[in-house]
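What follows is a single structure, written as structure tokens, with notes after it.
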Amino acid sequence: MPLDIWVDSIAFDGFWLQNANIITTKIDFDNIGEIDLNTFKFARDNGWGVLSKYYRGRMISMDVTVKESTASAFSTLLDTFKKNLRKTEWFLDITINDEIRRIKAAVKDIAFDRNHYNITYCKARITFQTVEPFFYAKNAQSFEFLAMSGSFYWEFSSEWSVESDPKIYILFQAGTTATGIDFVANGKTMTISQSFTSGDVLIIDAQNKNITKNGVEIDYTWQFPQFSPGSCPFNVAITWTSLMDMTIILPKNYL
């Protein structure tokens, strides 16, 4: 059976945080993280305007109860608990509606509420800090466009919460003699001035901000494509002739 079936509803780097020994009683992952609103004042009028709005990261707090059957087992569990939460930039996974949502996180603080009588149990508060702006589904959505010839316009639907940066894989087929490609989506245009022939593989990675042709990084101009929730139209403009198979991998981002 798939490993994910056996993972707790809350886990950090595979370490379970919702089970018989570690019980999460409160978590605030639904809160929207830090919003960076860049504004300016009108010089000759009342009010102000917005230059940009970006999501920067978030703090996630959890209240847990840690317990065991004996004092010795409890001490061992506390050591295991701290050991497995020490890692930096690992996945915090939360299962919602049978789907695993994840975000990279690091523990900022663990505060134990332990008194002298806490021999086999105690309460604790864990604070995670993330630099990623959104939770996203562990399994991304994908869209295939096969045997596309020349320039074309297409559309798909993304029914999630916020904009996503795609990874686009293009395999050029027989008969291709292209000298350039433009990819236009969501008002952003990317131009790649390269020649492509049969067997070439082009990868546009908007998540990591790089483009490769047959595994070698190449130059580009203008902006990486980005898709908004809802209808996602895009346009591929080819100089000269081409035949291609294209796959778009798009994260399912959640606020």
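Using a simple spin-label model with points 7 Å from Cα along the Cα→Cβ vector, what separation in nm is obtained for ALA73 and ARG125?
2.9 nm
Ratio of alpha-carbon Rg to the 2.2 N^0.38 Å globular estimate for the stretch 159-255, to two decimals, please.
Its radius of gyration relative to the 2.2 N^0.38 Å reference: 1.07.
Given the options TYR169, MET244, ALA147, identify the residue whose Cα lies farthest towards the positive end of the charge dipole of the chain (+1 on Cβ of Lys, Arg; -1 on Cβ of Asp, Glu).
TYR169
Whenever you get a sec, compute what percent of the accessible area on the chain sits on carbon and sulfur atoms (1.4 Å probe).
Answer for the chain is 51 percent, counting heavy atoms of protein chains only.
Any idea what log10 I(q)/I(0) is at q = 0.18 Å⁻¹ for the stretch 200-247, Debye with uniform C-alpha scatterers and no solvent?
Calculated log10 I(q)/I(0) at the listed q: -0.74.
For the stretch 1-113, give the magnitude of the charge dipole about the Cα centre (Cβ charges: +1 Lys/Arg, -1 Asp/Glu; no others), in debye to the nearest 20. Could you put the intermediate results ahead of the total?
Values: 15 positive and 17 negative charges, 103 e Å.
Using Cβ point charges on Lys, Arg, Asp and Glu, the stretch 1-113 gives about 500 debye.
Evaluated at 37 °C with a viscosity of 0.692 mPa s, what Stokes-Einstein diffusion coefficient in µm²/s does the stretch 100-158 have when Rh comes from the Kirkwood expression over alpha-carbon pairs? Don't jump to the answer; show the numbers that get you there.
Numbers: Rh = 16.7 Å.
Reported coefficient: 197 µm²/s.
Would you mind counting up the charge near ILE110? Only other residues with Cβ under 14 Å from its Cβ, with Lys and Arg at +1 and Asp and Glu at -1. Mind dumping the intermediate values first?
On the way: positive: LYS82, LYS83, ARG86, LYS87, LYS108, ARG114, LYS123, ARG125; negative: ASP63, ASP79, ASP109, ASP113.
Cβ neighbours under 14 Å give a net charge of +4.
Quick one: net charge around TYR169, please, counting Lys, Arg +1 and Asp, Glu -1 for every other residue with C-beta under 13 Å from its C-beta. Could the numbers behind the result be given before it?
Numbers: positive: LYS167, LYS213; negative: GLU144, ASP200, ASP205, ASP245.
For residues surrounding TYR169, the net value is -2.
With charges only on Cβ, +1 for K and R and -1 for D and E, what is the dipole size of the stretch 113-255 about its Cα centre, in debye, rounded to 20?
Numbers: 9 positive and 13 negative charges, 129 e Å.
For the stretch 113-255, the charge dipole is close to 620 debye.
Find the relative contact order for the chain and round it to a whole percent, using C-alpha pairs within less than 8 Å whose residues are 6+ positions apart. Walk me through the intermediate numbers first.
On the way: 606 pairs, mean separation 48.3, N = 255.
Reported relative contact order: 19 percent.
Add -39500 (n - 2.57) for each DSSP H run of 4 or more in the chain, then divide by its residues: what number comes out at 222 nm, to the nearest 500 deg cm²/dmol? The partial results should precede the final answer.
Values: 1 runs with 14 residues, N = 255.
One gets -2000 deg cm²/dmol as the mean residue ellipticity at 222 nm.
Relative to the Cα centre, what is the charge dipole magnitude of the chain, using +1 at the beta carbon of each Lys and Arg, -1 at the beta carbon of each Asp and Glu, and rounding to the nearest 20 debye? List each step's numbers first, then the result.
Working: 24 positive and 29 negative charges, 174 e Å.
Using Cβ point charges on Lys, Arg, Asp and Glu, the chain gives about 840 debye.
Springs between alpha-carbon atoms under 10 Å, Gaussian network over the chain: tell me which of PRO225, PRO133, PRO233 tops the mean-square fluctuations.
Result for the chain, Cα springs under 10 Å: PRO233 fluctuates most.
Hey, how many Å between the Cα centroid of the stretch 194-255 and the Cα centroid of the stretch 45-88?
Cα centres, the stretch 194-255 to the stretch 45-88: 35 Å.
Whole angstrom only: what separates the Cα centroid of the stretch 104-128 from the Cα centroid of the stretch 26-44?
30 Å
How large is Rg/Rh for the chain, to two decimals, with Cα atoms and a Kirkwood Rh? Display every interim value, and only then the final one.
Numbers: Rg = 23.9 Å, Rh = 21.6 Å.
Using Cα coordinates only, the ratio equals 1.11.
Considering only protein heavy atoms, what per residue accessible area in square angstrom results for the chain with a 1.4 angstrom probe?
Details: 14250 Å² over 255 residues.
Per residue, the chain has an accessible area of 56 Å².
By the scheme Lys and Arg +1, Asp and Glu -1, what is the net charge of all other residues having a beta-carbon under 14 Å from that of LYS53?
On the way: positive: ARG56; negative: GLU34, ASP36, GLU163.
Spelling it out: positives minus negatives among the neighbours equals -2.
Please give the per residue volume of the convex hull enclosing the alpha carbon atoms of the stretch 26-97, rounded to a whole number of Å³. Please list the in-between numbers first.
Working: hull volume 11.7 nm³, N = 72.
Cα convex hull per residue, to the nearest whole number: 162 Å³.
Under the rule a/c < 1.5 gives rounded, and otherwise a/b versus b/c splits prolate from oblate, where does the stretch 99-234 land using the Cα gyration tensor?
It comes out prolate by the Cα gyration axes.
Any chance you could get the radius of gyration and Dmax over the Cα atoms of the stretch 23-172, in Å?
Looking at the stretch 23-172, its Cα Rg and Dmax stand at 22.7, 74 Å.
List the pairs from LYS83/LYS104; LYS41/LYS104; LYS67/LYS104; LYS26/LYS104; LYS167/LYS188; LYS41/LYS188 whose alpha-carbon separation is above 24 Å, in the order I gave them. Intermediate values should be presented prior to the final figure.
Numbers: LYS83/LYS104 18 Å; LYS41/LYS104 36 Å; LYS67/LYS104 27 Å; LYS26/LYS104 20 Å; LYS167/LYS188 15 Å; LYS41/LYS188 27 Å.
Exceeds cut-off: LYS41/LYS104; LYS67/LYS104; LYS41/LYS188.
The values are calculated or read from the model by the stated rules, or taken from the named source; none is laboratory data. These numbers come from a predicted model, not from an experiment. Virtual Cβ from ideal backbone geometry, glycine too; neighbours counted across all protein chains shown. Ligands, DNA and RNA are stripped out before the accessible areas are found, and what is left, the full protein with its side chains, is counted by its heavy atoms. Shrake-Rupley method; radii C 1.70, N 1.55, O 1.52, S 1.80 Å.
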